[in-house]
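Enquirer: The structure under discussion is supplied below as structure tokens; questions concerning it will follow.
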Amino acid sequence: MSEPLAISLFSGTDDRLNAAAVLVAGAAALGRPVHVFLQYWVLDAFRSDRIGADHGLAPEAGADGLNAVHRLQRLGQAPWHETLRQAKELGGVEIQACSLSMDLLDITESDLDPLVDGVEGVTAFWLTASDGQVVFI
Amino acid sequence: MSEPLAISLFSGTDDRLNAAAVLVAGAAALGRPVHVFLQYWVLDAFRSDRIGADHGLAPEAGADGLNAVHRLQRLGQAPWHETLRQAKELGGVEIQACSLSMDLLDITESDLDPLVDGVEGVTAFWLTASDGQVVFI
Amino acid sequence: MSEPLAISLFSGTDDRLNAAAVLVAGAAALGRPVHVFLQYWVLDAFRSDRIGADHGLAPEAGADGLNAVHRLQRLGQAPWHETLRQAKELGGVEIQACSLSMDLLDITESDLDPLVDGVEGVTAFWLTASDGQVVFI
């Protein structure tokens, strides 16, 4: 089970980021190499000055969803960036920012949290994904 | 064409659920084993007391989209849970609730519609997905 | 690297369409056959009388996101349909409308931009996807 997994993240809301982090951590725990590509709004959530901020939820969460998320936080659920940090400590998880999205947000690599390993183009993403599983979140 | 297919559902709006149900049913009709994993808001839509309720649409649907969905319902389109039920009758479709999302919504298995076969963690999801196709909706 | 790639598009907002077009163009540039399937709201964005229109952004984009997108447009970024057009010129990219979604929007093939090659059902989508990568956006 050392199949590589490639995940492109697009949405930067806390609920999708949590779901993504859990999927990444689960695959990493099984010893799989995981390549994460950050496109669009998710990249904003990885800025070093905002990574711990509240990034909102999908509109469908509603007030009940927000309460559920807050309840789980009070019960000690690790935030998504902490889950990703732990997954990276297992080794095998690489996080790359999409170069076009860096242009979009007008930021440079020094603006990003150290969780992000570098910046790459879409060609590099596909070459790394090779013929393994690809997921878009 | 007996390749396994793993689908993680996240969004619980009726439009995404319909698109997902059609993809599941199409794969099942081709004899493929389909493993569905329910994360976050979609799990709320599988509660036995809400499965037939209106779960809303993506914000981008707008008023035109809502009218289109209602028109198709009046023309007799099966709702997503009926499509999934028929797909399950073909055999090969299994639906599992994500254990972390059960905690999030603070519900137990008895709260869920019988369409849901059980509760599993993300490790079980990846092990079942094996090296087959994985889709996140 | 001639692995086939199947992409089902669901969302018709300009940000997701741009992310999708970049992924399609990147795969096509590597010589991969790419099969695009248009479900639900994205199909509306491919109507010949609307393809160049403003299709909005995901709600999470906010005012900052909108400004970022406009800034990139002023800097000359190609719109998603232009990126797809260029990808199609490389050969190997096929775009099919989901037949159920055609019914939903109550449109015929003549309503669609020539970028769309035809209409197909979900069975055809899965048969073409075969055992290659599948992405849902």
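Enquirer: What is chain A's relative contact order, in percent, from Cα pairs under 8 angstrom and six or more apart in sequence?
Expert: Answer for chain A is 39 percent.
Enquirer: Where both partners of a DSSP beta bridge lie in chain B, what percent of those bridges are antiparallel, to the nearest 5?
Expert: Percent antiparallel among DSSP bridges in chain B is about 5.
Enquirer: Further question: What fraction of the DSSP beta bridges in the protein assembly as shown is antiparallel, stated in percent and rounded to the nearest 5?
Expert: 5
Enquirer: Something else: May I ask for the distance between the Cα centers of the range A:91-120 and the range C:23-99, given as a whole number of Å?
Expert: One Cα centre to the other: 22 Å.
Enquirer: Could I ask something else about it? Averaged over its residues, how many other protein chain Cβ atoms are within 10 Å of peptide C:37-49's Cβ atoms?
Expert: 3
Enquirer: Might you report the magnitude of the Cβ-based charge dipole of the protein assembly as shown about its Cα centre, with Lys and Arg at +1 and Asp and Glu at -1, to the nearest 20 debye?
Expert: Dipole size: approximately 180 debye.
Enquirer: I would also like to ask the following. Can you show me the helix-derived [θ] at 222 nm for chain B, built from DSSP H runs with n ≥ 4 at -39,500 (n - 2.57) apiece and divided by the number of residues, rounded to the nearest 500.
Expert: Helices in chain B give a 222 nm mean residue ellipticity of -12500 deg cm²/dmol.
Enquirer: Can you run phi through the Karplus equation (6.51, -1.76, 1.60; θ = phi - 60°) for the range A:97-110 and list ³J(HN,Hα) in whole Hz, with x for Gly and Pro?
Expert: 7, 5, 4, 5, 6, 4, 5, 4, 7, 6, 10, 10, 4, 6
Enquirer: Let me ask you something else. Got a sec to turn the phi values of the range C:59-75 into Karplus ³J(HN,Hα) couplings, 6.51 cos²θ - 1.76 cosθ + 1.60 with θ = phi - 60°, whole Hz, x for Gly and Pro?
Expert: Karplus-based 3J(HN,Hα) across the range C:59-75 equals x, 5, 4, x, 5, 5, x, 4, 4, 4, 5, 5, 4, 5, 5, 5, 7 Hz.
Enquirer: Read phi for every residue in the range B:82-90 and hand back ³J(HN,Hα) as whole Hz from Karplus 6.51 cos²θ - 1.76 cosθ + 1.60, θ = phi - 60°, with x for Gly and Pro.
Expert: 6, 4, 5, 4, 5, 5, 5, 5, 5
Enquirer: Looking at C:Phe125, C:Gln96, C:Gln73, which one has the Cα that reaches farthest to the positive end of the dipole of the range C:5-136 (charges on Cβ: Lys, Arg +1; Asp, Glu -1)?
Expert: C:Gln73
Enquirer: Can you tell me how chain C classifies by the Cα gyration tensor, rounded, prolate or oblate, using a/c under 1.5 as the rounded cut?
Expert: Verdict is oblate for chain C.
Enquirer: Now for a different question. Using a 10 Å cut-off on Cβ to Cβ distances, tally the other chain neighbours for every residue of B:128-134 and report the average as a whole number.
Expert: Mean partner shielding for this stretch: 6.
Enquirer: Hey, if you put +1 on the Cβ of every Lys and Arg and -1 on every Asp and Glu Cβ in the protein assembly as shown, which of C:Leu5, C:Leu84, B:Ser2 ends up farthest toward the positive end of that dipole?
Expert: Final value for the positive-end residue is B:Ser2.
Enquirer: Separate question: Starting from the Cα gyration tensor of the range C:72-137, take the square roots of the eigenvalues, sort them a ≥ b ≥ c, and report rounded, prolate or oblate (rounded when a/c is under 1.5, otherwise prolate if a/b is larger than b/c, else oblate).
Expert: oblate
Enquirer: Rounded to the nearest 20 Debye, what is the dipole magnitude of the range C:5-136 about its Cα centre when Lys and Arg each give +1 and Asp and Glu each give -1 at the C-beta?
Expert: 460
Enquirer: Moving on. Amide H to amide H under 5 Å from C:Ser8: which residues, 5+ apart in sequence or cross-chain, H placed 1.01 Å off N in plane?
Expert: Placed amide hydrogens put C:Phe37, C:Val135, C:Phe136, C:Ile137 under 5 Å from C:Ser8.
Enquirer: Please state the shape class of the protein assembly as shown: rounded when a/c is under 1.5, otherwise prolate if a/b exceeds b/c and oblate if not, all from the C-alpha gyration tensor.
Expert: Rounded, since a/c falls under 1.5.
Enquirer: Placing +1 on the Cβ of each Lys and Arg and -1 on the Cβ of each Asp and Glu in the range B:5-136, which of B:Ala45, B:Leu57, B:Gly26 has its Cα farthest towards the positive end of the resulting dipole?
Expert: Comparing the listed Cα positions along the dipole, B:Gly26 ranks first.
Taken together, the values in this text are just the output of simple stated rules run on the coordinates, not laboratory data. The structure displayed is predicted, hence computed values, not measured ones. Neighbour counts run over all protein chains shown; Cβ positions are idealised from the backbone, glycine included.
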